[in-house]
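Worksheet for the structure shown next.
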Amino acid sequence: MCGIFGCILKEGKAAPLIHESLKRLEYRGYDSVGIATIADGKLFLKKDQGKIDEVHNLLNLDDLPGSIGIGHTRWATHGAPLKVNSHPHIDCKGEIVVVHNGIIENFLELKAELQNLGHAFVSKTDTEVMAHLIEETWKQNPKLSLQQAVLESLKRIEGSYAFAILSTREPDKIICARNESPLVLGINGKGVFCASDIPAFLAVTNKAVYINNGELVTLTADGYKIQKIQDGSPVVREPTTIEWTAEMAVKQGYPHFMIKEIHEQPETLRNTLRIQENYLDLLATFLDRANEVFLVACGTSYHACLAASYMFSKLAFLPTFPVYASEFVEQCGKSVSIDTTILAVSQSGETADTIAAVACAQQRAATILSLTNVIGSTLTRISRVYIGTQAGPEIGVAATKTFTSQLSVLAQLAIRLAKKRGKVSQDEMDLLKEKLNQLPDYVDMVVKTQEEKVKQLAKKYASSKVYFYLGRGVSTATAYEGRLKLMEIAYIPSIAFPAGESKHGPISLIEAGFPVVFVCPRDDGHRTIIGNIMEMKARGAHIIAIVEEGDEEIKALADDFIEVPKGIPSVLTPIPFVIPLQLLAYYTALEKGYDPDMPRNLAKSVTVK
Ligand code: F6R
């Protein structure tokens, strides 16, 4: 997730407005920033790594000349957060300048092709290919307009994008285009604006035009022209009036970041499923070679590791050991050697316990691999290889979208590894990939069809003194995560166990009316979990079952149930099954009058041990 902004003003300088607007998009990313403007037919550009204020203090972003310009605030996905990878990116001649939010999936092929044609690349980003692609298109067809050259170039691009493009050859225009990444125009009598999101221009206008997937826009000082990328046909769309306040706009109309981020999951999963295969391959190669693998993390990220241990074992026949980072040094420190591989998972990449565990393993010459949402974080700097989860900044203190993104990377990794090790048949492999790619839609379906029902459940059980969460197999991790969410934002003491283990002690706590959440996909544990449900029911527990659609057997036993689409392979179920549990925690917190975005005693990133 990054933020893009562009504007053409009838009067005055564009740069200060671009700077101000990027500040309002900083919630979409903040590891580097850049602005390009055109004045008197010449291109001016300033960019650097760091937060917007830091870069502005150093470079004075406001003093760029000209009334037309584009800007970008970055959340690194391809290439570290360095000046060279900051946007805007330019072509060889410095005539075309591009900002981009999204992921160009085929950038490596395009880059190789363009390099063979003599184009010199300076960055490691996917975005830079677009500048060179337009340059090349123009070289082949010098008579094309900027708009035509962009249109032609877009036909070669696979992946997601919101682009804003400037060129000194046509210095009075901005060309924008959208596929999957958000893009919206703002209009007032003084100019036109394009942005990733409404807050960027809400201070200057509340007249907005939403751009749809597959559309290209030509902006001039007088207005905008929309056309379809596929065939160039014109699209007529009038501006709508936005009633949001600035604060509502940052949350896109949602009352809290947590619920916004829960709703973002179909999109963040789609992005995370676009990770370049070569990164996954590299990590899978290290895991394949490893003698022993520790999966190290805290909190929600630990639950992703726990789920991953089932994925690696069931798909790739690789035993891995999930360990709480805070316990790692004591529990495993001395046994770590040059033959050990650590896969550390951390949303922030800064959690002190995770960094300490990794540092200990590093001193003993272990191989460090990591998965994080913040490229450029401490964890990425001390890892041999890392992968970014592409979830964009997570502002809600309770991790939601980063958890499902972590799970989807770990599942992709387990599938890669299984292939490498010859442990799954081609048919199984195809099915897993197909289902993995359907997960964003399944998650969307769960949110759309079950949210209201979960809200009612939250109301019904909000006064419970204690909650139980039980699951078997990989669903144990889902149950643990559901419990953590409820405890941390709704402050209800909660207990989670593998369902089989609940008989060895915890069941003694059960009293009439205790809500027990069972996570029960129709997998190998299904038959046994029915027995566990009966045991709890016999003691008066209220059963809330998260089931697959059409699981009449469990629905008949449960007091309440939430349905998730059926046919999802067991190892992938934590992704859709955790959604109702995130929603349950959120709505229970609201029922109890708590602010889910500001849970007491908690910090988003725990940087002390
Ligand atoms: C729970 C939550 C925390 C974090 C934990 C690790 O909702 O957010 O439990 O998961 O503090 O943080 P990262 O993943 O940044 O290392």
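So the values come out like this:
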read-out: Residue satisfying all of: in segment 393-449; open to solvent by less than 10 Å² (accessible area, probe 1.4 Å), within 16 Å of the ligand (Cβ to nearest atom) and of a type in the set (A, V, I, L, M, F, W, C); nearest to residue 343 (Cα to Cα) among these; value: 410
read-out: Selection from segment 124-164 of residues that are charged (D, E, K, R), open to solvent by 10 Å² or more (accessible area, probe 1.4 Å) and either under 24 Å from residue 79 (Cα atoms) or in contact (Cβ under 8 Å) with a residue 24 or more places away in the chain (or both); value: 124, 135, 136, 155, 156, 158
read-out: Some residue of segment 187-197 being in contact (Cβ under 8 Å) with a residue 60 or more places away in the chain, surrounded by 17 or more Cβ atoms within 10 Å (Cβ to Cβ) and part of a loop (DSSP other than H, G, I, E, B); value: yes
read-out: Those residues of segment 450-470 which are among the aliphatic types (A, V, I, L, M), touching a Phe, Trp or Tyr at 6+ places or on another chain (Cβ under 8 Å) and surrounded by fewer than 22 Cβ atoms within 10 Å (Cβ to Cβ), in sequence order; value: 458, 466
read-out: Qualifying residues in segment 165-185 (those that are buried (at least 21 other Cβ atoms within 10 Å of the Cβ) and polar (S, T, N, Q)) - the one farthest from residue 45 (Cα to Cα); value: 181
read-out: Residue in segment 353-360 that is outside any loop (DSSP other than H, G, I, E, B) and more than 13 Å from the ligand (Cβ to nearest atom) present; value: yes
read-out: Strands (runs of 3 or more DSSP E) wholly inside segment 1-76 that include at least 1 residues being of a type in the set (D, E, K, R) and free of Cβ contacts under 8 Å to residues at least 60 places away in the same chain; value: 42-49
read-out: Residue match in segment 333-348 (condition: within 16 Å of the ligand (Cβ to nearest atom), open to solvent by 10 Å² or more (accessible area, probe 1.4 Å) and assigned to a helix (DSSP H, G or I)); value: no
read-out: Pair list, Cβ under 9 Å, 6 or more apart: segment 492-511 residue assigned to a helix (DSSP H, G or I), other residue open to solvent by 80 Å² or more (accessible area, probe 1.4 Å); value: 507/539
read-out: Any hit, segment 364-373, residues being more than 30 Å from residue 487 (Cα to Cα), modelled with pLDDT of 95 or more, among the hydroxyl-bearing types (Ser, Thr, Tyr) and away from the ligand (no atom under 11 Å from the Cβ); value: yes
read-out: Criterion violated by residue 81 - all others in (1) open to solvent by less than 10 Å² (accessible area, probe 1.4 Å); (2) out of contact with any helix residue (DSSP H, G or I) (no Cβ under 9 Å at 6 or more places or on another chain); (3) not small (Gly, Ala, Ser) satisfied; value: (1)
read-out: Test: residue in segment 528-540 that is within 16 Å of the ligand (Cβ to nearest atom) and either open to solvent by less than 30 Å² (accessible area, probe 1.4 Å) or under 29 Å from residue 374 (Cβ atoms) (or both); value: no
read-out: Residue match in segment 348-359 (condition: in contact with a helix residue (DSSP H, G or I) (Cβ under 8 Å, 6 or more places away or on another chain) and of a type in the set (Asp, Glu)); value: yes
read-out: Residue match in segment 47-54 (condition: basic (Lys, Arg), at pLDDT 95 or above and open to solvent by 10 Å² or more (accessible area, probe 1.4 Å)); value: yes
read-out: Within segment 221-243, tally of residues that are in contact (Cβ under 8 Å) with a residue 12 or more places away in the chain and either crowded, with 21+ Cβ neighbours inside 10 Å or in a strand (DSSP E or B) (or both); value: 8
read-out: Segment 415-457, residues that are in a helix (DSSP H, G or I) and among the β-branched types (Val, Ile, Thr); value: 415, 443, 446, 447, 449, 454
read-out: Total residues in segment 473-491, condition in contact with a strand residue (DSSP E or B) (Cβ under 6 Å, 6 or more places away or on another chain) and either aromatic (Phe, Trp, Tyr) or not in a helix (DSSP H, G or I) (or both); value: 1
read-out: Any hit, segment 592-601, residues being outside any loop (DSSP other than H, G, I, E, B), on the phi < 0 side of the Ramachandran plot, modelled with pLDDT of 95 or more and not hydroxyl-bearing (Ser, Thr, Tyr); value: no
read-out: First in segment 320-349 and free of Cβ contacts under 8 Å to residues at least 12 places away in the same chain and farther than 23 Å from residue 405 by Cα, second anywhere and aromatic (Phe, Trp, Tyr) and assigned to a strand (DSSP E or B), Cβ under 9 Å, 6 or more apart; value: 331/324
read-out: Any chance residue 218 is open to solvent by less than 30 Å² (accessible area, probe 1.4 Å), within 21 Å of residue 102 (Cβ to Cβ) and either in a loop (DSSP other than H, G, I, E, B) or touching a strand residue (DSSP E or B) at 6+ places or on another chain (Cβ under 9 Å) (or both); value: yes
read-out: Neighbours by Cβ (under 9 Å, 6+ apart or cross-chain): first from segment 365-388, under 11 Å from residue 345 (Cα atoms) and in a helix (DSSP H, G or I); second open to solvent by 10 Å² or more (accessible area, probe 1.4 Å) and among the β-branched types (Val, Ile, Thr); value: 379/351; 379/355; 380/374
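For every residue, the table says whether it meets (1) more than 16 Å from the ligand (Cβ to nearest atom); (2) in contact (Cβ under 8 Å) with a residue 60 or more places away in the chain; (3) open to solvent by 20 Å² or more (accessible area, probe 1.4 Å); (4) more than 25 Å from residue 524 (Cβ to Cβ).
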{"residue": "275", "(1), (2), (3), (4)": "yes, yes, no, yes"}
{"residue": "278", "(1), (2), (3), (4)": "yes, yes, yes, yes"}
{"residue": "283", "(1), (2), (3), (4)": "yes, yes, no, yes"}
{"residue": "310", "(1), (2), (3), (4)": "yes, yes, yes, no"}
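The values are calculated or read from the model by the stated rules, or taken from the named source; none is laboratory data. All values derive from a computational prediction rather than experimental measurement. Note that each Cβ is placed from the backbone with ideal geometry, even for glycine, and that neighbours are counted across all protein chains shown. The accessibility values were calculated without ligands, DNA or RNA, using every heavy atom of the protein model including side chains. Shrake-Rupley method; radii C 1.70, N 1.55, O 1.52, S 1.80 Å.
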